[in-house]
1. Taking region 88-127 on its own, how many of its residues are of a type in the set (Ser, Thr, Tyr), in a loop (DSSP other than H, G, I, E, B) and on the phi < 0 side of the Ramachandran plot?
2. Mind checking whether some residue in region 35-50 is surrounded by 18 or more Cβ atoms within 10 Å (Cβ to Cβ) and over 17 Å from the mean Cα position of the chain (by Cα)?
3. Only one of Thr51, Thr58 is in contact with a Ser or Thr (Cβ under 6 Å, 6 or more places away or on another chain) and farther than 22 Å from Val25 by Cα. Can you tell me which?
4. For the subset of region 67-115 comprising residues that are in contact (Cβ under 8 Å) with a residue 60 or more places away in the chain and crowded, with 17+ Cβ neighbours inside 10 Å, which member is farthest from Ser128 (Cα to Cα)?
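Read the figures in this text as sums done on the coordinates, not as results from a lab. The structure presented is a predicted model; accordingly, all values stated were derived computationally and were not measured. Backbone-built Cβ (ideal geometry, glycine too); neighbour counts: all protein chains shown.
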Amino acid sequence: MKKLHVLIFIVSGMISTSCLDNQQVIVDKEDVIGLWKSEGVQFKSLEDGETLNWEGGTWLSIQRDGSYYKNYVSGKWELEGAEIFLNPNPVLSVPTSRYNVIEYSAKSITLETRGAELNFGDFDEFRSDEELIVTEIFNLDPGNLD
């Protein structure tokens with residue numbers, strides 16, 4: 001009987017741990033509104049794991065009225081669960097960007113997206129058709145809270 005209790009305890013711990021690993025970040029629309037400064041970007045190859053790190057310098061502005069701008073592109077944004085969709089103005093002929101919120105705090109947000117290298121730039125380290133994971137860390141600009 002004692003062994004059965006120990007086994008149930010171990011299995012319960014394994015189940016609760018695996019459930020925690022599968023939980024998504026919970027984000028409310030009000031949480032992402034503001035002016036965010038990129039602190040760093042990592043490009044990682046899905047093929048061989050090679051990485052390229054950039055320092056920040058770009059801005060992401062997410063407005064209460066549903067508009068955004070990022071890297072000279074503006075349009076409308078949407079939040080669905082833990083995914084942010086940036087839908088550029090149609091006249092720009094730029095595809096919609098989909099970002100997963102992988103970490104969030106009141107002052108910082110980490111976004112991740114995937115795509116071919118040609119969607120993000122022209123890097124000597126990657127082929128244009130190479131699939132990349134792009135992770136961007138943003139900090140809220142304290143001087144410009146919306």
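1. Initial filter on region 88-127 (of a type in the set (Ser, Thr, Tyr)): 93, 96-97, 99, 104-105, 108, 110, 113.
Subsequent filtering for residues that are in a loop (DSSP other than H, G, I, E, B) retains 93, 96, 105.
Subsequent filtering for residues that are on the phi < 0 side of the Ramachandran plot retains 96, 105.
Residues meeting the conditions: 2.
2. no
3. Working: Thr51 fails: in contact with a Ser or Thr (Cβ under 6 Å, 6 or more places away or on another chain).
Matching residue, one of Thr51, Thr58: Thr58.
4. Restricting to residues being in contact (Cβ under 8 Å) with a residue 60 or more places away in the chain and crowded, with 17+ Cβ neighbours inside 10 Å, the top hit is Tyr104.
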